[in-house]
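Asker: I'd like to ask some things about the structure below.
The values are calculated or read from the model by the stated rules, or taken from the named source; none is laboratory data. This is a predicted model, so every value here is computed, not measured. Here the Cβ positions follow ideal geometry from the backbone for every residue, glycine too, while neighbour counts run over all protein chains shown.
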Amino acid sequence: MIQRIGVVGAGQMGTGIAHVCALSGYEVTLVDIRQDALDDALTRIDRDMQRLARRGAIDAEKRGDALARIRPVTTLTSLKDHDLVIEAATEDEDVKRTIFKSLVPDLKPDALIATNTSSIPITRLAATTDRPEKFIGMHFMNPVPVMKLIEIIRGIATSDETYQAVRQLCQSLGKTSAVSEDFPAFIVNRILLPMLNEAVYTLYEGVGSVEAIDTAMRLGANHPMGPLELADFIGLDTCLSVMNVLYEGLADSKYRPCPLLVKYVEAGWLGRKAGRGFYDYSGPKPVPTR
């Protein structure tokens, strides 16, 4: 039975995962090597829960209890008595492999491991651990407290017991799960990221401006966000990483990352988190950069 959950990585995704787990009654240990990242994460969680309280979604007592259930730490050894550890580090396979190799020696034998990867094969990541049968993919959507879906991805060795435990966890978090086979980028990003990449090609080839492309898709396809605005929200480095996984994993030219996307990432124009991407976020209102 899952009661204590470790979350590795106090970035946007890890922070959101810690938020929903704590709010659902789980004891959560949030791990990051940077204390300032942990401090920022707790501030964001507190702010987001205050927003929920103002809307009447939770009361002050529930908010206080949830915050008290989150313990921030800077070492993986603090997870030795946890039932499940969810890795939510940056979308970089080498980084994730390093985390898993450091993590497993201190875990109890029956602890489960999940990765929040949005594209990297689960079977390959599981092979870096001592328990591939207890390893699974849990791809939360961003922003985690708002989005209702979690993709569950079984590796080739993932046991039925692990799958059922994680499926029940998703239900207890108030989320709906969709099960994907272990193919590059799974379901959501297999469909979504090529669309965003095509929007960048549309800009690259001069078919339309940033504003025209986003307006066309918002009003013409009834999307809540234009594709370039969404790419900035996700992070252009993450978009490029997923496209590279698709391109390398499926060997199909339709997944080739747009050169303009590559150029933006090389320039450090990574979207909202960097203050600049397809929009400039330095002023009171985002302004298209092309």
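Asker: Collect the residues in the range 206-252 that are hydroxyl-bearing (Ser, Thr, Tyr), modelled with pLDDT of 95 or more and under 30 Å from Leu125 (Cα atoms), keeping them in residue-number order.
Answerer: If we filter the range 206-252 for residues that are hydroxyl-bearing (Ser, Thr, Tyr), which is where we start, we get 209, 215, 238, 241, 247.
From what's left, modelled with pLDDT of 95 or more: 209, 215, 247.
The one that is hydroxyl-bearing (Ser, Thr, Tyr), modelled with pLDDT of 95 or more and under 30 Å from Leu125 (Cα atoms): Tyr247.
Asker: Kindly indicate the residue of the range 268-289 that is part of a strand (DSSP E or B) and closer than 18 Å to Asn197 by Cβ and also farthest from the chain's Cα centre (by Cα) among those meeting that condition.
Answerer: Of the residues in the range 268-289, the ones part of a strand (DSSP E or B) are 271, 276, 279-280, 287-288.
Right, trim to closer than 18 Å to Asn197 by Cβ and you get 271, 279.
Details: Gly271: 16, Tyr279: 22 Å.
Residue satisfying both the conditions and the ranking: Tyr279.
Asker: Here is a further query. For Leu103, work out the one condition from (1) under 22 Å from Val144 (Cα atoms); (2) in contact (Cβ under 8 Å) with a residue 60 or more places away in the chain; (3) not hydroxyl-bearing (Ser, Thr, Tyr) it doesn't fulfil.
Answerer: Condition not satisfied by Leu103: (1).
Asker: Do you know which of the residues in the range 139-184 that are β-branched (Val, Ile, Thr) and assigned to a loop (DSSP other than H, G, I, E, B) is nearest to Arg44 (Cα to Cα)? Break it down into steps so the answer makes sense when it comes.
Answerer: At the first step, the residues of the range 139-184 found to be β-branched (Val, Ile, Thr) are 144, 146, 150, 152-153, 156, 158, 162, 166, 176, 179.
Cutting the leftovers down to assigned to a loop (DSSP other than H, G, I, E, B) gives us 144, 146, 156, 158.
On the way: Val144: 13, Val146: 14, Ile156: 36, Thr158: 34 Å.
For the range 139-184, the residue satisfying everything is Val144.
Asker: Within the range 18-49, how many residues turn out to be crowded, with 19+ Cβ neighbours inside 10 Å, closer than 20 Å to Leu107 by Cα and under 19 Å from the mean Cα position of the chain (by Cα)?
Answerer: Number satisfying all stated conditions: 7.
Asker: Further question on the same structure: Suppose we filter the range 30-47 for residues that are among the acidic types (Asp, Glu) and closer than 15 Å to Arg69 by Cβ; how many remain?
Answerer: Let us first name the residues in the range 30-47 that are among the acidic types (Asp, Glu), namely 32, 36, 39-40, 46.
With the extra rule that they be closer than 15 Å to Arg69 by Cβ, the set shrinks to 46.
So the answer is 1.
Asker: Taking the residues in the range 255-290 that are of a type in the set (Lys, Arg) and in contact with a helix residue (DSSP H, G or I) (Cβ under 7 Å, 6 or more places away or on another chain) as candidates, determine which candidate is surrounded by the most Cβ atoms within 10 Å (Cβ to Cβ). Spell out how you get there, then give the answer.
Answerer: Residues of the range 255-290 that are of a type in the set (Lys, Arg), as a first pass: 256, 263, 272-273, 276, 285, 290.
With the extra rule that they be in contact with a helix residue (DSSP H, G or I) (Cβ under 7 Å, 6 or more places away or on another chain), the set shrinks to 256, 272, 290.
Details: Arg256: 13, Arg272: 18, Arg290: 14.
Going through the qualifying residues, I end up with Arg272.
Asker: Can you tell me which residues in the range 64-97 are free of Cβ contacts under 8 Å to residues at least 24 places away in the same chain and either among the aliphatic types (A, V, I, L, M) or within 20 Å of Ile5 (Cα to Cα) (or both)? Spell out how you get there, then give the answer.
Answerer: To start, the set of residues in the range 64-97 that are free of Cβ contacts under 8 Å to residues at least 24 places away in the same chain comprises 64-65, 68, 94-95.
Within the range 64-97, Gly64, Asp65, Ala68, Val95 qualify.
Asker: Out of Lys62, Lys96, I need the residue that is outside any loop (DSSP other than H, G, I, E, B) and surrounded by fewer than 16 Cβ atoms within 10 Å (Cβ to Cβ). Which one?
Answerer: Numbers: Lys96 fails: surrounded by fewer than 16 Cβ atoms within 10 Å (Cβ to Cβ).
Among Lys62, Lys96, only Lys62 is outside any loop (DSSP other than H, G, I, E, B) and surrounded by fewer than 16 Cβ atoms within 10 Å (Cβ to Cβ).
Asker: Also, I was wondering about something else. For the range 99-138, give me the residue count where each residue is over 26 Å from Ser241 (Cα atoms), among the charged types (D, E, K, R), modelled with pLDDT of 95 or more and surrounded by fewer than 17 Cβ atoms within 10 Å (Cβ to Cβ).
Answerer: Selection size over the range 99-138: 4.
Asker: Got a number for residues in the range 114-138 being assigned to a loop (DSSP other than H, G, I, E, B), in contact (Cβ under 8 Å) with a residue 24 or more places away in the chain and of a type outside the set (Ser, Thr, Tyr)? Break it down into steps so the answer makes sense when it comes.
Answerer: Keep residues of the range 114-138 that are assigned to a loop (DSSP other than H, G, I, E, B), which gives 116-121, 127-131.
Next, from what is left, pick out any that are in contact (Cβ under 8 Å) with a residue 24 or more places away in the chain: 116-121, 128-131.
Remaining after also requiring of a type outside the set (Ser, Thr, Tyr): 116, 120-121, 130-131.
Summing the residues that are assigned to a loop (DSSP other than H, G, I, E, B), in contact (Cβ under 8 Å) with a residue 24 or more places away in the chain and of a type outside the set (Ser, Thr, Tyr) in the range 114-138 gives 5.
Asker: Then there is this: Which members of the range 13-41 meet the condition of being in a helix (DSSP H, G or I) and either in contact with a helix residue (DSSP H, G or I) (Cβ under 8 Å, 6 or more places away or on another chain) or charged (D, E, K, R) (or both)? Lay out the reasoning, then the answer.
Answerer: From the range 13-41, those in a helix (DSSP H, G or I) are 13-23, 35-41; that's our starting set.
Result: Gly14, Thr15, Ala18, His19, Ala22, Leu23, Asp36, Asp39, Asp40, Ala41.
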